[in-house]
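Taken together, the values in this text are just the output of simple stated rules run on the coordinates, not laboratory data. These numbers were taken from a predicted model, which means no experiment stands behind them. Cβ coordinates were reconstructed from backbone atoms using ideal geometry, including for glycine residues, and neighbour counts include every protein chain displayed.
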Amino acid sequence: MKNKIIFFIITFLLLVAPFKTVAISNSAKENTIKVDTSKKIYDFADLFSDAEEKNLFDKAVTYIKKYDMDIAVVTIKENNKGSAKSYAEDFYDYNDFGENKSKDGLILLIDMDNRELWITTTGYAQLVYDDGRLEKILDDIYYYASIEDYGMSAASFIDTASRFADLGVADSNSNYYVDDNGEMVKKKSANYLISILVAFALSSFTTYIFISRHKGIRAVNEAGNYLNKEKTRIHMPMGHFLTTFTSRVPIVHNSFDSTSSSHGGSSISHGSSGTSHGGGGRHF
Amino acid sequence: MKAVNHKCPNCNASLKYNPKSKNWICEYCGGIFSLKDLEKNENKFKNVTEKVKDNSADMDEYYCEDCGAKILADKNTSATFCVYCKNTVLLKNRLTDKFAPVKIIPFTKTKEEAIEGFKKVCKGKLLMPKEFDDPKNIKEITGVYIPFWLYSCDMDYKITGKGNRVSTWSTSDYIYTKTDTYQVERDGQFSFSNIPVDGSTRFNDAIMNSIEPFDYSELVDFNPSYLAGFLSEKYDVEANDAKKICIDRAKESCCDELSGDIGYAPFILENKNGEIKDEKTDYVLLPVWMLNVKYKDKLYTFAMNGETGKMIGDIPYSLKKAVFTWIIIFTISFLIMLFITYVI
């Protein structure tokens, strides 16, 4: 009887789960604000002046033309998604940002509700902007955000993103490519250097072991075999305290998504639309 | 000077000790005799006549009791063979007084088992040159009773040094590491029984170490009859010199026992000292089969514990085989690693 109940519960969950996922996705799409994707700069929190907005737009257009990747900046006063990550990903996916089939591009969200800066990458941008580069971008924009110069913060975002785009794919992601669905896939390639080093070490070690087995004559400098264990009495060690020394190492906190998985140098997760995203953020 | 030989009570031929049956066998009439049988018939030690010094340095001259042939024996030999009639001769003046062993472990392994032991120890040595383990390469195989000093003592030992205890913990912002340093002392009482040291400079100490341990439950009171069919030596390393080696070994073991699981890491030893009590040294003869193997004009020495059968020796390796093995392992590992790095 107990087994039957467990069987029915599992069957129910398996049948219902896909519908639940679709329901969540539909709900996420519905409560995502709809925008004109050609504008690129969306200052809902009214943080930029008109001049700053114009400047940011020009920079964004230049970036898109030069690197064939989309870029956008969003500021919000209230976050109806709960987390900056969810908002940024849904805003990008449900407004259909992104160049090419793999929806290449990145977006900066300045979330005044959670006081958080969040960058989301999609498609080819996941390869260019690994976690290390995203950290550097966040370092640059965080300073301006902390002194409430949000216009400079956003401008710095586009400038630093451009610098990294000039360098191309990050070294840590050199073994990956992005497929038409925007997923990061590992390139299949053998590593000759590591193979040679490991083979050399293994063959040398094994041959040494074989040779050492030929040596049978060994001097002995202890007498453990002749110790009477029954008559042995060893006392507990006595320790007299001398000095103490304490050191500490800081723990680096980042808002990188703990549910993400590591692909090369990028932490990757999937948004509610199912699209693969990289990204990271920082509270200010 | 006459050497002494054990004679068959039946036919007066020379007897040999058989390790398997632990009896003495006459190869002529087939008679089998126990120790008790021999003791009933054995002549008492003859008085030693004045030694005739030979021209050879460090050699004494004896006459075989059977055939009268001259036997030359160096100063440390106490049992040898007559080169003419092949009988064992015991040089009893070298087995008396201070050179009289207290105990002996008789041979339990035969010559044939020594040859088998040699073949067995060569098995599985992939880099061994071809045909090295052919018994034809064994130039000489001799059963020898080696003189040993067995040293026993009690030891009070103490070590001191510095030791650390490390603990770590973390808060939300930091990982802390605390290192406490202590001055550590530990002592213990130890008892060692029968640490062996070979009492002959003729035999390599490392070889004698390597065939340890012997099973001392097989020790019996010494009787020259056990030497029949084997060579033997008397000691030329004095007890006090041998004792120093034993004490060093005992101290090393005390140190190992005291510093093991001491509870501090790392522990740096600064000082160690000990006091020795209840010392005892016994002079015994222990059985060893010595094999000299000649391969490509080079001599290799192998030794087998004549009681336990433990065989040791340094087996040469072929450089060609070593290089070939290296290349094979390298190639296979390289291909496997290429596959693994491709797939991962």
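Take the residues in segment B:184-219 that are of a type in the set (Val, Ile, Thr) and more than 30 Å from B:Asn271 (Cβ to Cβ), then tell me which one is farthest from the other protein chains (Cβ to nearest Cβ). Lay out the reasoning, then the answer.
Keep residues of segment B:184-219 that are of a type in the set (Val, Ile, Thr), which gives B:184, B:195, B:197, B:201, B:207, B:211.
After this cut, where a residue has to be more than 30 Å from B:Asn271 (Cβ to Cβ) as well, the list is B:201, B:207, B:211.
Numbers: B:Thr201: 16, B:Ile207: 6, B:Ile211: 9 Å.
Top of the filtered list is B:Thr201.
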Qualifying residue in segment B:246-260 (condition: in a strand (DSSP E or B), buried (at least 17 other Cβ atoms within 10 Å of the Cβ) and acidic (Asp, Glu)): no
Any hit, segment B:291-302, residues being among the acidic types (Asp, Glu) and in a strand (DSSP E or B): no
B:Phe339 aromatic (Phe, Trp, Tyr), within 12 Å of chain A (Cβ to nearest Cβ) and surrounded by 16 or more Cβ atoms within 10 Å (Cβ to Cβ): no
Among (1) within 15 Å of the chain's Cα centre (by Cα); (2) surrounded by 21 or more Cβ atoms within 10 Å (Cβ to Cβ); (3) more than 30 Å from B:Ile32 (Cα to Cα), the one test that B:Ser232 misses: (3)
Any chance B:Thr142 is within 22 Å of B:Lys120 (Cβ to Cβ) and not small (Gly, Ala, Ser): yes
Residues of segment A:172-227 satisfying the condition of being within 9 Å of chain B (Cβ to nearest Cβ), over 22 Å from B:Val323 (Cα atoms), in contact with a strand residue (DSSP E or B) (Cβ under 8 Å, 6 or more places away or on another chain) and of a type in the set (Gly, Ala, Ser): A:Ala223
Residues being out of contact with any Ser or Thr (no Cβ under 9 Å at 6 or more places or on another chain), part of a strand (DSSP E or B) and facing chain A (nearest Cβ under 8 Å) - total across segment B:126-181: 2
Subset tally (residues that are in contact (Cβ under 8 Å) with a residue 60 or more places away in the chain and aromatic (Phe, Trp, Tyr)) for segment A:25-48: 1
Subset of segment B:317-331 (residues that are within 7 Å of chain A (Cβ to nearest Cβ) and not in a helix (DSSP H, G or I)): B:Tyr317
Tally, over segment A:49-63, of residues that are in a helix (DSSP H, G or I), in contact (Cβ under 8 Å) with a residue 12 or more places away in the chain and loosely packed, with under 13 Cβ neighbours inside 10 Å: 0
